[in-house]
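**Q** Submitted below is the structure of interest, expressed as structure tokens.
The values are calculated or read from the model by the stated rules, or taken from the named source; none is laboratory data. All figures in this text were calculated on a predicted structure; none of them were measured in a lab. Cβ coordinates were reconstructed from backbone atoms using ideal geometry, including for glycine residues, and neighbour counts include every protein chain displayed.
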Amino acid sequence: MEYRERVAHHEAAHAVMALIVRHGLSHHGMDIDAPSSVSGATGRTGVMTFAADLTQPEADQFNDLGALLAVTLAGAAADARIKGVDLWDALQAQPGDLGAAQVFCAQYPFAQGPDEAMALKMGLEIAEKRLAWPGAWDAVCAVAAACLAAGGRLTKAEIEAVALPILGIEGPVG
């Protein structure tokens, strides 16, 4: 698989995971040629996020963090699947996604310090398992193919039009 195809699958995984966990996509959509936060890398998908609500019961906070991390780390989970590498190794190769996930962990007291690695591994495992759900990987591949066919960019509406029917979700989400 060539570079643009890998980036398309990576970014599509973020988008599909945002739909699966019902966070939804931002108006930015997906652009595999957009500069990333890492020098020399490309690809960006706009997904909805939120700040930690520490007034919620800890179980709800844990679920919120799990969803945020699943979306943030879905690209690395897709990379691991495509390349046949370990999840943790795939994440280490994505410093931008790792940094974003660490920012989310820092918002939650139970995911700080030595517990951060456990939270990151949990998020990776959630992403991996949800990408294996019926239709999920098919949706990733369909969004990636549509993005490549469209020259590297898809709007929020275009992503939803491709992914939601495959996922069996009545949209829009978020």
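**Q** How many of the residues in the stretch 133-146 are over 14 Å from Thr45 (Cβ atoms) and either part of a helix (DSSP H, G or I) or in contact (Cβ under 8 Å) with a residue 24 or more places away in the chain (or both)?
**A** Count: 8.
**Q** What single numbered condition from (1) part of a helix (DSSP H, G or I); (2) over 20 Å from Arg130 (Cβ atoms); (3) of a type in the set (Val, Ile, Thr) fails to hold for Ile32?
**A** So the condition that Ile32 fails would be (1).
**Q** Given the structure, is Ala149 in contact with a helix residue (DSSP H, G or I) (Cβ under 7 Å, 6 or more places away or on another chain), of a type outside the set (D, E, K, R) and either surrounded by 14 or more Cβ atoms within 10 Å (Cβ to Cβ) or more than 17 Å from Ala41 (Cβ to Cβ) (or both)?
**A** When the stated conditions are applied, Ala149 does not pass them.
**Q** Which residue pairs have Cβ atoms closer than 8 Å, lie 6 or more positions apart in sequence or on different chains, and pair a first residue in the stretch 148-161 that is part of a loop (DSSP other than H, G, I, E, B) with a second residue that is small (Gly, Ala, Ser) and at pLDDT 95 or above?
**A** Close Cβ pairs (under 8 Å, with a partner that is small (Gly, Ala, Ser) and at pLDDT 95 or above) amount to Gly152/Ala8.
**Q** While we're here: Which numbered condition trips up Thr72, out of (1) surrounded by 14 or more Cβ atoms within 10 Å (Cβ to Cβ); (2) farther than 19 Å from Ala119 by Cβ; (3) among the hydroxyl-bearing types (Ser, Thr, Tyr)?
**A** Failed condition: (2).
**Q** Residues that are closer than 21 Å to Glu2 by Cβ, modelled with pLDDT under 95 and either surrounded by fewer than 22 Cβ atoms within 10 Å (Cβ to Cβ) or touching a Pro at 6+ places or on another chain (Cβ under 8 Å) (or both): does the stretch 107-127 have at least one?
**A** Scanning the stretch 107-127, I find no residue that is closer than 21 Å to Glu2 by Cβ, modelled with pLDDT under 95 and either surrounded by fewer than 22 Cβ atoms within 10 Å (Cβ to Cβ) or touching a Pro at 6+ places or on another chain (Cβ under 8 Å) (or both), so the answer is no.
**Q** Of all residues being under 18 Å from Ala93 (Cβ atoms) and in a strand (DSSP E or B) in the stretch 35-46, which is nearest to the chain's Cα centre (by Cα)? Just the residue, please.
**A** Result: Thr45.
**Q** Additional query: Any residue at all in the stretch 45-56 that's in contact (Cβ under 8 Å) with a residue 24 or more places away in the chain, surrounded by fewer than 18 Cβ atoms within 10 Å (Cβ to Cβ), polar (S, T, N, Q) and more than 21 Å from Ala161 (Cβ to Cβ)?
**A** Yes, that holds for at least one residue.
**Q** If Met1 satisfies every condition in (1) in contact with a His (Cβ under 9 Å, 6 or more places away or on another chain); (2) in a helix (DSSP H, G or I) but one, which is the exception?
**A** Unmet for Met1, out of (1) in contact with a His (Cβ under 9 Å, 6 or more places away or on another chain); (2) in a helix (DSSP H, G or I): (2).
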